[in-house]
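One structure is given here, and the rest of the page talks about it.
The values are calculated or read from the model by the stated rules, or taken from the named source; none is laboratory data. Note that this is a predicted model, so its numbers are computed, not measured. In this analysis, Cβ positions are derived from the backbone assuming ideal geometry, glycine residues included, and neighbour counts consider all displayed protein chains.
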Amino acid sequence: MTTKYIFVTGGVASSLGKGIIAASLGKLLNARGFRVTNQKLDPYINVDPGTLNPYEHGECYVTVDGHEADLDLGHYERFLNVETHKANNITTGRIYQNVIKKERRGDYLGKTVQVIPHITDEIKRNIKALGQSADFDFVITEIGGTVGDIESLPYIESLRQMKWELGNDCLCIHLTYVPFLAAAKELKTKPTQHSVKDLQQEGVQPDIIILRTEHHISDEIRRKVALFCNVEPDAVMQSIDASSIYRVPLNMQAEGLDRVVLRKTGFNPDIVPEADMTSWNGFLTKLEGATEEVHIALVGKYVQLQDAYKSIHESLSHAAAYNNRKLVLTSILSDAITPDNIAKSLKGQQGVVIAPGFGTRGVEGKFVTLHYCRENNIPCFGICMGMQAMAIEFARNVLGYADANSVEFDERTTHNVIDMMEDQKVLVNKGGSMRLGAYPCRLRKGTRVYDIYNQQTNKETDEPIDIIQERHRHRYEFNHAYQAEFEANGMQCSGINPDSGLVEIIELNNHPWYIGTQFHPEYSSRVLRPHPLFLSFVKAAIECGKQI
Ligand code: GLN
């Protein structure tokens, strides 16, 4: 089957949820049996979002192949239950970098290198290459930003060319916003009409228009949009505010999004099996039906921005739903935590997650929190820097090394429990020393993590699991020199990288749940495959995390 290319553009305002619409369509087509992948085109000049502050752009997501990516790839993986790769996220920076590299190599044979055709050709090449990489039936490409932005023009022009080249094998879905004017008690479609005009001016006629709204959109309004924007009446759909992002695929199924996409790309939707959303519905029933709460605190330094720890948030929400609990997540700024206010700060919490992070700010507050959780038997999950902080707190307060630290925070510490490993030190360029992407980890038999991975309900194999693959994004490592002393004092190194010997997991004996992972399990929790560590952590919080 020839690959179909579906583009999702946005108009009127940013943050309307293009990523969720794209992921929802992906889910529906996938559930109809098609091979689908989602792609994000970002209009900024950074080559990847790895260097962006989470406050600017939310969480940096990491793919299995070690690409630092836009957080929308997290939605794609969680919704579609698939892995994404470097090719699923392109930025303007990367497109220009490729073109300039080719220019320097002399590939353009004396030609003047221009936005059209060279930049647009490179954009199209990247989109088509993804489609061909695994014989996908559908590639759903979300164009970041809002139509009319200077930055996204080359992307829209590439879309125009692809529609021209591919005919029915290429569609444009345009997502806009319909505001409700309280004084007039009316929904207004004028901004949508203008935004579609912008798109048409750039040469693209949308095939489907999705209206983001807080109120139900009548048939009359739909007909009006269809007429003025030149689309078929059943190709105007609403995307109404939903109680959860995970309800959007079902809402869009009810609006007929997958049917219209199939019809417009040459299928008869009546003979393609309907999307089977039974297990998805099962998850939603749990998510929305849970009445008893579980209170979890997330301690980190970027807590003011909701998106900065997106994947942790989503993983906890999956885990709470499967444990039949409603997640109440409280974010606590680690900078503000002191020994005097820790008890008050954690009042009412049943479990604590210590967030990943870079740099010194807020790290002392993490040590204080860990000390309190360790001594008061509060379930505690340390992720990446959270795990490193667990090791440092243990070395300071159990092993008695008052100056124990990571060399990231104190280069001259005499007890460098977290350090850069010898083979990393030879790399002069710091950027090259980051451990990124999936690495194997051997679980030690008889440990809690071994049981967690092996007793999970959604285990896909009967074979014992002793090697897992999890994703990393960090520079520093647990220093092996301390392993024996940690273990002799009750902190086990229960997960080890079989190739390098690096410590990937630590866990405290004689504690209800105190586990730190050097990797980021939050990147691989999915709606239909929640992560075993999060499931187990939330279960422990429910069972033994007393509300302090
Ligand atoms: N700053 C730490 C390191 O580089 C941890 C990074 C993280 O938490 N992602 O090793």
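Before moving on, here are some points about what is shown:
- Of all residues in the range 63-82, none are surrounded by fewer than 21 Cβ atoms within 10 Å (Cβ to Cβ), among the polar types (S, T, N, Q), in contact with a helix residue (DSSP H, G or I) (Cβ under 7 Å, 6 or more places away or on another chain) and farther than 22 Å from P356 by Cα.
- Helices (runs of 4 or more DSSP H) lying entirely in the range 251-358 (those with 2 or more residues that are modelled with pLDDT of 95 or more and of a type in the set (S, T, N, Q)): 278-289, 310-322
- Matching residues, the range 462-483, being more than 16 Å from the ligand (Cβ to nearest atom) and either within 15 Å of I452 (Cβ to Cβ) or of a type in the set (A, V, I, L, M) (or both): P464, I465, D466, I467, I468, A481
- Considering the range 1-52, and only residues there that are of a type in the set (A, V, I, L, M, F, W, C) and surrounded by fewer than 19 Cβ atoms within 10 Å (Cβ to Cβ), the residue that is nearest to I150 (Cα to Cα) turns out to be I45.
- Residue in the range 371-383 that is buried (at least 24 other Cβ atoms within 10 Å of the Cβ), in contact (Cβ under 8 Å) with a residue 24 or more places away in the chain and near the ligand (Cβ under 10 Å from one of its atoms) present: yes
Quick grid of which residues meet (1) over 14 Å from the mean Cα position of the chain (by Cα); (2) within 26 Å of L305 (Cα to Cα); (3) among the polar types (S, T, N, Q):
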residue: N46; (1), (2), (3): yes, yes, yes
residue: T51; (1), (2), (3): yes, yes, yes
residue: G58; (1), (2), (3): no, yes, no
residue: D65; (1), (2), (3): yes, no, no
residue: I90; (1), (2), (3): yes, yes, no
residue: K102; (1), (2), (3): yes, no, no
residue: L109; (1), (2), (3): yes, no, no
residue: E122; (1), (2), (3): yes, no, no
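- Close Cβ contacts (under 6 Å, 6 or more residues apart or on different chains) running from residues in the range 459-475 that are under 29 Å from A69 (Cα atoms) to residues that are within 16 Å of the ligand (Cβ to nearest atom) and polar (S, T, N, Q) comprise R475/S433.
- Positions within the range 117-175 being of a type in the set (D, E) and assigned to a loop (DSSP other than H, G, I, E, B), in sequence order: D135, D137, D149, E151
- Here V196 clears all of (1) buried (at least 19 other Cβ atoms within 10 Å of the Cβ); (2) within 20 Å of G266 (Cα to Cα); (3) more than 29 Å from the chain's Cα centre (by Cα); (4) in contact (Cβ under 8 Å) with a residue 60 or more places away in the chain except the condition numbered (2).
- Pairs where the first residue, in the range 127-144, is within 10 Å of Y5 (Cα to Cα) and the second is surrounded by fewer than 13 Cβ atoms within 10 Å (Cβ to Cβ), C-beta under 7 Å, 6+ apart: D137/M1
- Comparison of G362, G400, G348 shows that the only residue that is surrounded by fewer than 24 Cβ atoms within 10 Å (Cβ to Cβ), on the phi > 0 side of the Ramachandran plot and within 16 Å of the ligand (Cβ to nearest atom) is G362.
- Considering residues of the range 233-250 that are not hydrophobic (A, V, I, L, M, F, W, C) and not in a helix (DSSP H, G or I) only, the residue surrounded by the fewest Cβ atoms within 10 Å (Cβ to Cβ): S243
- Candidate set: the range 403-414, residues that are in contact (Cβ under 8 Å) with a residue 40 or more places away in the chain and in contact with a Phe, Trp or Tyr (Cβ under 9 Å, 6 or more places away or on another chain); chosen: the one farthest from the ligand (Cβ to nearest atom): V407
- Yes/no for L436 being within 16 Å of the ligand (Cβ to nearest atom), buried (at least 17 other Cβ atoms within 10 Å of the Cβ), farther than 26 Å from R396 by Cα and modelled with pLDDT under 95: yes
- Residue within the range 506-522 that is assigned to a loop (DSSP other than H, G, I, E, B), touching a strand residue (DSSP E or B) at 6+ places or on another chain (Cβ under 8 Å) and among the aromatic types (F, W, Y) present: yes
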